[in-house]
Every structure is written in C-alpha cells, then in structure tokens.
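What follows draws every value from the coordinates through simple rules; no lab data is involved. Computed from a predicted structure; not experimentally measured. Glycine gets a Cβ as well: all are built from the backbone with ideal geometry, and neighbour counts include every protein chain shown.
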Amino acid sequence: DAKTTQPPSMDCAEGRAANLPCNHSTISGNEYVYWYRQIHSQGPQYIIHGLKNNETNEMASLIITEDRKSSTLILPHATLRDTAVYYCIAMNTDKLIFGTGTRLQVFP
Amino acid sequence: DTEVTQTPKHLVMGMTNKKSLKCEQHMGHRAMYWYKQKAKKPPELMFVYSYEKLSINESVPSRFSPECPNSSLLNLHLHALQPEDSALYLCASSQEPFEGYEQYFGPGTRLTVT
C-alpha cells in the first residue's frame with residue numbers, strides 16, 4: 001500500500017470549510033484513497049473514498065488531483081463535533097493501513 | 001442497521017486469565033477485522049476474516065486467538081496476556097474483503113492487563 005503523508009495538526013473556525021491535505025505520491029493506479037476519522041475514544045468512522053474522480057457525500061467532498069499524487073478532504077461547514085483525528089489511507093488490498101493522521105481542532 | 005457492536009466495553013484481566021472479546025454485525029458483511037490501538041497511536045490491523053475464513057494474520061502472538069463462529073460473529077480469545085497488550089481493541093466489518101468497500105468500526109473494547 002502507498003504511504004500517505006498528512007500534517008500532524010490543523011485548526012479551523014466553526015462554520016468555515018476545513019481543507020485537509022494528503023500526499024500519496026507513490027500511489028498506484030488501482031489504489032483507492034480512503035478517509036476515516038476518529039473522535040476521541042471512539043471507533044474510526046468512514047467518511048469517503050475515491051479512485052480517480054472527485055467524490056461528494058453528505059459528510060464531505062474528496063478532491064483528487066489529476067496525477068493522483070495528492071488529495072484534499074473538504075468539510076464544507078465545520079462544527080465543534082468535527083474535532084477528531086482524520087486519517088488518509090491509500091488501499092489496494094483488504095488491508096487498511098492507518099498513518100498518523102491529522103488532528104483537526106475546530107474552535108468556536 | 002449499520003452497527004457493529006462489541007462486548008464488553010471495558011475489561012480488566014490478570015496475566016494468567018483467559019477472556020474473550022466479542023464482535024457482532026447484522027449487515028450481511030462477509031469480511032470482519034480485528035485492530036489494536038495503543039494510546040495516541042493509529043489502529044493496527046491484527047486479523048482479517050474473509051467469508052468466515054482467516055485470510056490475514058499480521059504476525060500476531062499466539063496469546064491472541066481469533067475465531068469466526070458464523071458470518072455475524074467474531075471473537076478474540078485472550079490468554080496469558082502481558083501488560084503491554086493493554087489497548088483499545090477494535091472490530092470492523094465490510095461488505096466484501098476487497099478494496100472499494102468501506103469498513104464499519106465498532107466502539108472498541110478497552111483492555112487493561114494487570
């Protein structure tokens with residue numbers, strides 16, 4: 001599985017968009033990009049995934065660059081409940097290999 | 001129902017005890033997973049069950065013994081654990097054991113070995 005690189009922490013004001021970057025420069029053509037988050041002391045929660053095209057669901061949008069070497073998770077209107085560790089994972093088998101993630105702090 | 005349940009929520013056991021963790025899903029998922037998460041670290045994969053058969057063992061010590069009695073249930077039997085095995089144990093499931101299918105996680109069992 002390709003290794004991913006994320007900033008260790010980010011801050012975002014409540015109500016603003018949170019843009020979380022992820023670098024996966026060694027990703028191969030059949031590896032999906034997954035995003036999960038983990039709120040303190042809870043199990044990880046699936047957010048979104050994509051292969052080549054940009055994706056949107058009720059939680060977030062995923063923007064994947066054309067060369068697929070990086071992606072951005074966008075939470076359009078962050079709330080205090082979005083404070084969590086966000087994991088970007090490149091996956092091409094049945095294994096999820098979590099990196100160290102980005103700790104997003106949403107402040108009032 | 002998109003829920004994965006895990007019991008117990010908390011478990012304290014001595015190094016000579018035998019205990020079991022239980023995980024259940026009723027989503028008809030054919031893949032189930034055990035992860036271990038130490039404090040302030042990301043989850044680490046331990047085992048993968050695919051169609052009720054063990055398909056991946058990430059070189060986990062034999063004091064951890066997984067079991068999949070049926071397609072909805074996953075157990076993790078614990079025996080002769082060490083204090084360093086204290087962690088949050090997470091169970092997950094996915095519709096199929098392949099890429100492209102998201103994993104649903106349970107809330108975890110917080111294990112303390114004394």
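Restricting attention to segment B:73-96, does a residue exist that is in contact with a Ser or Thr (Cβ under 8 Å, 6 or more places away or on another chain), over 19 Å from A:M91 (Cβ atoms), within 12 Å of chain A (Cβ to nearest Cβ) and without any contact (Cβ under 8 Å) to a residue 60 or more places away in the chain? So far as segment B:73-96 goes, yes, one or more of its residues are in contact with a Ser or Thr (Cβ under 8 Å, 6 or more places away or on another chain), over 19 Å from A:M91 (Cβ atoms), within 12 Å of chain A (Cβ to nearest Cβ) and without any contact (Cβ under 8 Å) to a residue 60 or more places away in the chain.
Within segment B:1-44, restricting attention to residues that are of a type in the set (D, E) and part of a strand (DSSP E or B), the residue that is farthest from the other protein chains (Cβ to nearest Cβ) is B:E24.
For segment A:60-94, name all the residues that are within 14 Å of chain B (Cβ to nearest Cβ), farther than 11 Å from A:N23 by Cα and surrounded by 19 or more Cβ atoms within 10 Å (Cβ to Cβ). Before the answer, list the steps.
From segment A:60-94, those within 14 Å of chain B (Cβ to nearest Cβ) are A:60, A:62, A:84-94; that's our starting set.
Of the ones still in play, those that are also farther than 11 Å from A:N23 by Cα are A:60, A:62, A:84-87, A:91-94.
Residues satisfying the conditions are A:A60, A:L62, A:A84, A:V85, A:Y86, A:Y87, A:M91, A:D94.
Condition check: buried (at least 20 other Cβ atoms within 10 Å of the Cβ) and either away from chain A (no Cβ under 13 Å) or small (G, A, S) (or both). Does B:G100 satisfy that?
Details: buried (at least 20 other Cβ atoms within 10 Å of the Cβ): no; either away from chain A (no Cβ under 13 Å) or small (G, A, S) (or both): yes.
No.
For segment B:45-67, state whether one or more residues are surrounded by 20 or more Cβ atoms within 10 Å (Cβ to Cβ) and within 8 Å of chain A (Cβ to nearest Cβ). Yes, segment B:45-67 contains a residue that is surrounded by 20 or more Cβ atoms within 10 Å (Cβ to Cβ) and within 8 Å of chain A (Cβ to nearest Cβ).
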